[in-house]
Amino acid sequence: HLNSPRVRFALICAAGLVLLAAAGTLRAQEWTFPVIPKGTNVLFGRVLELGSGQAVGGAVVTLVGYFEASGRPVDRLPQSAINPLASAQRSVLTTSDGYYFFGDLAAGRFSISVEAFGYVSDTYPLRIVELTNRTTPTELPLRVWKAGAISGRVVDEQGNAAVGVPVTAFRSVTSSAGVVLRDGVATAKTDDRGVYRLAQLTPGRYVV
C-alpha cells in the first residue's frame, strides 16, 4: 500500500537514486571535452633538468589542443588552460632517458606542460607549440626546475629543542615598491628534535 512506511521509504530511495544519476549525467556532459583531431603530425622531445641537463624519467607530459567544433584550429592563442575550445588532455610518461612522444596530431595550436615528482610544475604560464603539416616530426625539448628545500632546527633560549613549532616560508619578491613577502607557500612543524623541513619550493628567495 502506498501509505505503508516501507513503500514510502522505498519510493524516497528510488527518487534519490534517480536524482543522483541525473546529476552524474549532467556533470559528465558539463565536463566532456572533445578529443584532439587526428592528423599525421608527430611531436616528441626530451624532459631535462634545468642546470644539470639530466634526463627526467617518469615525468607526466600533458598536451591540450585548441580547436573549433568543426576541427579547425583556433585563430587566437589561448591565454589560459580554462578555455571553451580546449580539447581533452593527452598525457604520456617520459622514458628513463626523459623522452616523450605524441603521434597522430592535427595541425594547430597546443599547450604542453610537465609534472614530475621532486620538480616544480610548469603548468603556468602556458607553453604554446604550433604544429604545421610536415613530413618530419617536430622536436620540442622541455626543461623543469628541481624543487628546493629549506631545513633547520628551532631551539629555545636554553638551546633545547622546540617541539611542534610551526615554521612558514614566505616568498621574497622585489618590486618597484621594494621587497614584498608573499603569503606562506610552505608550512611545517618541528619534530621531537626541533627539526623542520620545508620541501617542494620553487627556486627563489625566501624568509622563514
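The values are calculated or read from the model by the stated rules, or taken from the named source; none is laboratory data. Source: prediction; values computed, not measured. Cβ: placed from backbone, ideal geometry, glycine included. Neighbour counts: every protein chain shown. For accessibility, only protein heavy atoms count, side chains too; no ligands or nucleic acids. Shrake-Rupley method; radii C 1.70, N 1.55, O 1.52, S 1.80 Å.
Inter-label distance, Leu48 to Glu68: 3.9 nm, where each label sits 7 Å from its Cα along the C-beta direction. Within region 179-208, which residues have the backbone N less than 18 Å from the label spot 7 Å out from Arg153 along Cα→beta-carbon, could you tell me? Zone members listed by number: 189-198. Count Lys and Arg as plus one, Asp and Glu as minus one, and take only other residues whose Cβ is under 12 Å from that of Val163; the net charge is then 0.
Over all pairs of different C-alpha atoms, region 91-208 has a mean inverse distance whose reciprocal, the Kirkwood radius, equals 18.0 Å. Residues within the reach of a label modelled at Ala199 (point 7 angstrom out along Cα to beta-carbon, backbone nitrogen below 17 Å), restricted to region 100-120, are 116-120. Placing unit charges on the Cβ atoms of the charged side chains and taking the dipole of region 79-208 about its Cα centre, the candidate lying farthest along the positive direction among Trp145, Ser176, Thr95 is Ser176. The residues of region 102-163 expose on average 60 square angstrom of accessible surface per residue, using a 1.4 Å probe on protein heavy atoms.
The simple Förster model, with R0 at 25 Å and r as the Cβ-Cβ distance, assigns Thr132 and Ala88 a FRET efficiency of 0.65.
Using a cutoff of 8 angstrom between alpha carbon atoms and counting only pairs six or more residues apart, the relative contact order for region 97-208 works out to 24 percent. The heavy atoms of Tyr99 offer some 100 square angstrom of accessible surface to a 1.4 angstrom probe.
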